[in-house]
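Take a look at the structure below.
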Amino acid sequence: MEEVKNNQGSGLAVGALITGIIAFLMAIIPCVGIIAVIPGVIAVVLGIIGLSRESDSRGMLVGGLVVGIIALMLSLSQGYMVSRIAHHSGSWSKDIEKAMNDIKTEIGDDFDGKDFSIKVTNNKDTIEVKATTSGSDLEKTLDELEGDTITTVIIKK
């Protein structure tokens, strides 16, 4: 008498293994790993369904199931870490903005009302830039910068 083998489980085994590998590869990529939950669940479901049936490809089914479970755990742990970081990062942007405003104020106080002069000499050519930080002629300064020759640059606050 001829024995008939059931090849129905081999399709599930290949599907579980391939989906598990894809889920694992997605799970180890930062920020993409969170969406690896979907193929991880699919791999686990295919592995469980395949193991519940009689099949010759039991090794591939177990492999797909194990890789799917590992990918699912990695993906869920990434999601947990992202949620914890997001939970504790509420005041970072406000702290950075406050620090930038403090630095701007301190630098403004140091330079306010002072004159600066920069002179660069190369052989016979000399360029001198003079700056003052008083607060009203910004448009005049821009017009001078757009012109052909610059002898004095006045930066006003």
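For the reader, a short list of remarks on this structure follows.
- Candidate set from the range 131-146 (those that are aliphatic (A, V, I, L, M) and assigned to a helix (DSSP H, G or I)); member that is modelled with the highest pLDDT: 145
- The single condition from (1) within 17 Å of residue 16 (Cα to Cα); (2) modelled with pLDDT under 90; (3) surrounded by 16 or more Cβ atoms within 10 Å (Cβ to Cβ) that residue 42 fails is (2).
- Taken as a whole, the condition of being modelled with pLDDT under 90, surrounded by 16 or more Cβ atoms within 10 Å (Cβ to Cβ) and within 25 Å of the chain's Cα centre (by Cα) applies to residue 34.
- Residue count for the range 48-88 satisfying the condition of being of a type in the set (S, T, N, Q) and surrounded by fewer than 16 Cβ atoms within 10 Å (Cβ to Cβ): 3.
To keep it simple, each residue is scored yes or no on (1) among the hydroxyl-bearing types (Ser, Thr, Tyr); (2) assigned by TED's automatic domain parsing to the domain that holds residue 21; (3) part of a helix (DSSP H, G or I).
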residue: 51; (1), (2), (3): no, yes, yes
residue: 59; (1), (2), (3): no, yes, yes
residue: 62; (1), (2), (3): no, yes, yes
residue: 69; (1), (2), (3): no, yes, yes
residue: 77; (1), (2), (3): yes, yes, yes
residue: 101; (1), (2), (3): no, no, yes
residue: 121; (1), (2), (3): yes, no, no
residue: 129; (1), (2), (3): no, no, no
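- Pairs, first within 21 Å of residue 26 (Cα to Cα) in the range 43-59, second hydroxyl-bearing (Ser, Thr, Tyr) and part of a helix (DSSP H, G or I), C-beta under 8 Å, six or more apart: 43/19; 46/19
The values are calculated or read from the model by the stated rules, or taken from the named source; none is laboratory data. Note that the coordinates shown come from a computational prediction; the quantities given were computed from them, not determined experimentally. Cβ atoms come from the backbone with ideal geometry, glycine included; neighbour counts cover every protein chain shown.
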